[in-house]
Amino acid sequence: MRKHQSGVVLFVALMLLLILSMIGVTVARMQTVEERMARNDNNGQIAAQAAEAALRNAETVLGNAPAVGTFAGDTAGYYAVSPTTGSLIPSLNWNDSTKTSTYTGPALTAIPAAARTPRVAMELMGYGAVPGDDLSSAPPTYRVTVQALNAEGNPSVMLQSIYR
């Protein structure tokens with residue numbers, strides 16, 4: 001009887017082992033990808049929270065009516081939009097601390113340290129009345145732009161609002 005065996009069981013067992021190994025490797029890779037996706041989403045949420053806090057804080061600063069001369073120097077995060085040059089925000093170097101201001105609101109202790117210092121740039125866009133406003137007391141219009149870092153310290157979120 002032993003002389004007529006051809007080893008089919010061994011071949012089938014090796015094929016099943018190969019298939020199960022491939023399934024195991026695929027599941028392990030999927031887990032790694034899902035973990036990376038979750039980390040990236042978490043980093044984005046952290047940056048969005050920091051950017052939102054900085055945006056609201058900048059609007060509070062503008063609500064306290066900063067001096068118009070503050071915007072004349074085009075430095076430290078305060079800019080005046082010129083009809084000839086337009087906005088400086090697209091060409092702004094966000095890494096240069098002399099070109100932007102940092103978040104000055106309540107401490108962001110609930111988020112990682114790398115994301116606690118969003119950068120802010122405020123632009124005085126001009127004075128203008130909208131329909132229904134009194135022309136003699138047209139309020140200034142500002143554009144506030146914020147760039148926030150994620151938990152790893154990389155630029156991740158940029159928010160912008162118009163404040164009157």
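Taken over the stretch 83-138, the residue count meeting the criterion of being surrounded by fewer than 14 Cβ atoms within 10 Å (Cβ to Cβ) and either of a type in the set (Val, Ile, Thr) or out of contact with any helix residue (DSSP H, G or I) (no Cβ under 7 Å at 6 or more places or on another chain) (or both) is 29. Cβ-Cβ below 9 Å, separation at least six or inter-chain, first residue in the stretch 63-86 and farther than 15 Å from Arg164 by Cα and touching a residue at least 24 places away in the same chain (Cβ under 8 Å), second assigned to a helix (DSSP H, G or I) and of a type outside the set (Phe, Trp, Tyr): which pairs? Pairs found: Ala76/Thr70; Gly77/Ala58; Tyr78/Thr70; Tyr79/Ile89. Tallying residues that are under 13 Å from Val146 (Cα atoms) and either in contact (Cβ under 8 Å) with a residue 40 or more places away in the chain or touching a Phe, Trp or Tyr at 6+ places or on another chain (Cβ under 9 Å) (or both) within the stretch 87-98 yields 3. Examine the stretch 9-17 for a residue that is under 28 Å from Ala114 (Cβ atoms) and surrounded by 10 or more Cβ atoms within 10 Å (Cβ to Cβ), and state whether such a residue exists. No, there is no match, as no residue in the stretch 9-17 is under 28 Å from Ala114 (Cβ atoms) and surrounded by 10 or more Cβ atoms within 10 Å (Cβ to Cβ). Here is the figure for the stretch 118-164: residues that are of a type in the set (Ser, Thr, Tyr), in contact (Cβ under 8 Å) with a residue 60 or more places away in the chain and over 14 Å from Leu62 (Cβ atoms) total 1. Of all residues in the stretch 101-116, those that are closer than 20 Å to Tyr79 by Cβ, β-branched (Val, Ile, Thr) and touching a residue at least 40 places away in the same chain (Cβ under 8 Å) total 1. Summed over the stretch 1-46, residues that are of a type in the set (Asp, Glu) and either in contact with a Phe, Trp or Tyr (Cβ under 6 Å, 6 or more places away or on another chain) or not in a helix (DSSP H, G or I) (or both) total 0.
Values quoted throughout were computed directly from the atomic coordinates according to the rules given, and no laboratory measurement underlies them. Everything numeric here is computed off the predicted structure, so don't read it as measured data. Positions of Cβ are backbone-derived with ideal geometry, glycine not excepted, and every protein chain shown enters the neighbour counts.
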